Amino acid sequence: MPKTPHLLLPLLAALLAPAAFADAPNATDPRISTLLTQLGKVRDIDAVALSPDGQQLAWVVETNDKPGIMLADAHGQHAHRIGLATKPGDCSEYGLAWAPDSHRLAFLSNCASSRAGIGGKQPDVYVLDTQGQDQPVRLSSGLRGYVHALEWSPDGKTVAMLYVEGATRRASAVAAAKPAIGEIGVEGIEVQRVATLPAQGGSLQQVTPAGSYVYEFSWAPDSQGIAYVAAPAPGDNNWWIAQLYVQPVQPGAPRTALVDPATVSGSLHGLQIALPRWSPDGSRIAFIGGLMSDEGSTGGDIYSVPARGGAPINLTPGIRVSPSWFSWSGPDSMLVDQVHDGQAEVAHYTLRDNHAQQQRVLFTVPGYIGDGTALLALSLSADHRYLAFSGSSFETAPEVYAGPLDGQAPAPVTTINADLKPSWGKATSVEWDNEGFHVQGWLLYPAHYDSHKHYPMIVNIHGGPSAAVLQHWPSVGYGAVPFSTLGYFVFMPNPRGSFGGGEAFVQANRKDFGYGDLRDTLAGVDAVEKMVPVDDHRLGLTGWSYGGFMSMFVPTQTQRFRAVVAGAGIANWQSYYGQNLIDQWMIPFFGSSVYDDPAVYAKSSAINFIKKVKTPTLIVVGERDAECPAPQSFEYWHALRALGVPTSLVVYANEGHHFYNPANQRDVLQRALNWFEKYLPAGQ
């Protein structure tokens, strides 16, 4: 679900604790404790950066929940820690960006800081000359706020970044929202801007307007300008109406609005834009446009607009994939990372006559591939001959992958998590057709599968809805994979509304939440039951965010599921519209505001059909969830309790949409495992 602050009921703050509305989990099954311990061993890889000459490789890896930087050659050999930390896990270092000369590596570090920052100490920007220095040089001084997304200018003279001066939280709605006090929408507004630092040292300058919240940016090839996606503050609310701008890299410089989706005609009208990228000659800017439910969850068609102004052109109309990331590889070619039927593809496109044509898929991987900044993002050498990324699947824990771009997926060059082996069952892709749509999903077999037995199955609906399930190694926190370890089939569909089948497929559940996508999901369950021995009388349902909404709504439409865990859900779209500060996201999906068309919101609200619910339901949510306000979980829980349906509500203090406290991450998964064991036991 979209990412922005909301209004919480004032009484919540005083009352909520992790076990406020349910007894603490009773982990009687020793497999649960063993599983949680195993999941806690994975070391996350948060970023991968290949030097422009393709000779050096850096990555960020967590130790004791603190990120640190490793540097190696392009094959992962001679890896060693760099930065200011005296030992792993002492402090935090992250945010990698190579200079064009392939010698200087910029990064963020709070290891030498004494100033308070978000979640600890304030980081500063450092630069290390990997060819001639033992210690990095501090580039910034006196930063006070949230800083990320470092990017060197093409001439190597300047480092730009996204900066929120005086920030009190991460610039992300998945983090805990600010307390809803003071004059709402007026006081405490935090604005993210593009800021620059001279590479030889000097003062930080904020170059974009003070009232404009910037989400993404990129340098012009001549280093004199930037393109960026921005909207009026508050930024969390307005990403869905953001425009594309260009301006010189100078404070107070005039800017030009190139694309406003609210006013353009054609396929981009009313949609969202992301990932602006200049062509090599600087004549045009390409970007991804589509129906996107979250900032950072990117997918759509590739568009192009002249850098001096003009009408945007859809370069990829009608494609049956969802580009998520791309890079210009030449004046008339692109390297595109795209979702296709639940898998990640890296493909080569050529541009001719305002049309981008896929020439060939270079390679496909079943799991996610990323650089730490996005789900599907690569780090490339300047000549596009070498690439690197972090990746994992259901079978392999996260590692760094690197190699030549020669038509084959590169091999892992690290062994960070090589000792971890899955305790869950094998995975297979399932495909089926329903109502004219071709649909895909992932099926996990139970651990220790016996084809002569019948098993229960848990259906997990992903968030978004504009997103997709790709294979990934789970960590401690809520997810579907661990249920397989306890003896369940786990089915993770990508129904209409998901990335991976083209923009028409993504837009197929507009104004239809919970109906067409439910029919796709149930058709997928039928397809699975024809393949493997699933007991249809022992089906469970779960999900987080949009999946949490579906976990609340589906039991009002069918009695097929016997136990539910609803994470960060939405029970009533009508009351939700008034509770949150992110009403902008709802217009593209519902077609108008709740005040103009209350019926379209009412038809997808579980609370309007609540008396049909008979299914035992565990409800979990963060106290300060900025995407799916906690009052929505209260409303659903209150109704089930009044109707005598077995239910439990657990609200986690100081957590947002994404849980950051390791104890809470462990607790929510443990409760879910126990809930399904109680109401949907696998050992029958």
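Details
- Amide H contacts of Leu258: Leu244, Tyr245, Val246, each under 5 Å away and 5 or more positions distant or on a separate chain (H built 1.01 Å from N in the peptide plane; Pro and chain starts excluded).
- Protection proxy ranking of 401-407, 67-73, 416-422, by the mean of other Cβ atoms within 10 Å over each peptide's residues and highest first, is 67-73, 401-407, 416-422.
- With neighbour counts taken as other beta-carbon atoms within 10 Å, the residues Arg170, Arg641 rank, fewest first, as Arg641, Arg170.
- Virtual spin-label span in nm between Asp450 and Thr364, 7 Å along Cα→Cβ: 3.5
- Once backbone amide H atoms are built at 1.01 Å from N, Asn434 has Val439 as its partners under 5 Å, excluding neighbours fewer than 5 places away on the same chain.
- Other residues with beta-carbon under 10 Å from the beta-carbon of Ser92 carry, at +1 per Lys or Arg and -1 per Asp or Glu, a net charge of -2.
- A simple spin-label model places the labels of Ile181 and Ser593 2.9 nm from each other, with each point 7 Å out along Cα-to-Cβ.
- As a rough footprinting exposure proxy, the listed residues Asp450, Asp520, Asp341 were ranked by other beta carbons within 10 Å of their own, and the order from fewest upward is Asp450, Asp341, Asp520.
- Built amide H within the under 5 Å cut-off of His472, gap 5+: Phe394
- In order along the stretch 103-110, phi translates into HN-Hα couplings of 9, 8, 10, 8, 7, 10, 8, 10 Hz, rounded to whole numbers, per the Karplus curve 6.51 cos²θ - 1.76 cosθ + 1.60 with θ = phi - 60° and x for Gly and Pro.
- Selection of trypsin sites (Lys or Arg not before Pro), the stretch 62-135, meeting DSSP coil and at most 15 other Cβ within 10 Å: Arg115
- Whole-Hz couplings from phi, Karplus 6.51/-1.76/1.60, listed for the stretch 122-137; x for Gly and Pro: 6, x, 10, 8, 10, 10, 10, 7, 5, 9, x, 10, 8, 10, x, 10
- Within the stretch 422-679, DSSP assigns beta bridges of which about 35% are antiparallel (rounded to the nearest 5).
- Signed unit charges on C-beta, dipole axis of the stretch 315-419, positive-most listed residue Val336, Thr373, Thr396: Val336
- Cross-link pairs beyond the 24 Å C-alpha cut-off, checked among Lys41/Lys426; Lys421/Lys678; Lys453/Lys611; Lys530/Lys678; Lys41/Lys66; Lys66/Lys157: Lys421/Lys678; Lys453/Lys611; Lys530/Lys678; Lys66/Lys157
- Phi-derived couplings, Karplus 6.51 cos²θ - 1.76 cosθ + 1.60 at θ = phi - 60°, listed residue by residue for the stretch 468-483: 7, 7, 10, 4, 7, 7, x, 10, 4, x, 7, x, 8, 4, x, 4 Hz, with x used for Gly and Pro.
- If R0 is taken as 56 Å, the Cβ-Cβ distance between Asn608 and Ser141 corresponds to a FRET efficiency of 0.50.
- Cβ-Cβ FRET estimate between Asp129 and Thr256, R0 fixed at 45 Å, reported to 0.05: 0.75
- Efficiency of FRET between Gln357 and Thr263 - r from beta-carbon atoms, R0 25 angstrom, step 0.05: 0.30
- Annotation: the antiparallel percentage among DSSP beta bridges lying fully within the chain is about 85.
- Least to most buried among Phe553, Phe590 (fewest other Cβ within 10 Å first): Phe590, Phe553
- Our estimate of slack between Ser114 and Thr34, defined as 0.36 nm per intervening residue step minus the Cα-Cα distance, is 24.9 nm.
- Bridge type composition, the stretch 315-419 - antiparallel percent by DSSP, nearest 5: 95
- Theoretical ellipticity at 222 nm over the chain - DSSP helices of four or more residues, -39500 (n - 2.57) apiece, nearest 500: -4000 deg cm²/dmol
- From the coordinates shown, P(r) over Cα pairs in 20 Å bins from 0, in percent corresponds to which of [x] 15, 45, 31, 8, 1; [y] 18, 55, 26, 1; [z] 15, 38, 33, 13, 1: [y]
- Cα centroid separation, the stretch 46-124 to the stretch 249-307 (Å): 31
- Sites matching GluC sites (Glu not before Pro) across the stretch 324-433 that sit in DSSP coil, with at most 14 neighbouring C-beta atoms within 10 Å: Glu395
- Extension reserve of the Lys530-Lys678 stretch, reckoned as 0.36 nm per residue once the Cα distance is removed: 50.6 nm
- Database note for the chain: Cys without another Cys beta carbon under 4.7 angstrom, Cys628.
Read-outs: derived from the displayed coordinates by stated rules, not from any lab. Worth saying up front: this structure is predicted, and the values here are computed from it rather than measured. Positions of Cβ are generated from backbone atoms using ideal geometry, with glycine treated the same way; all protein chains shown enter the neighbour counts.
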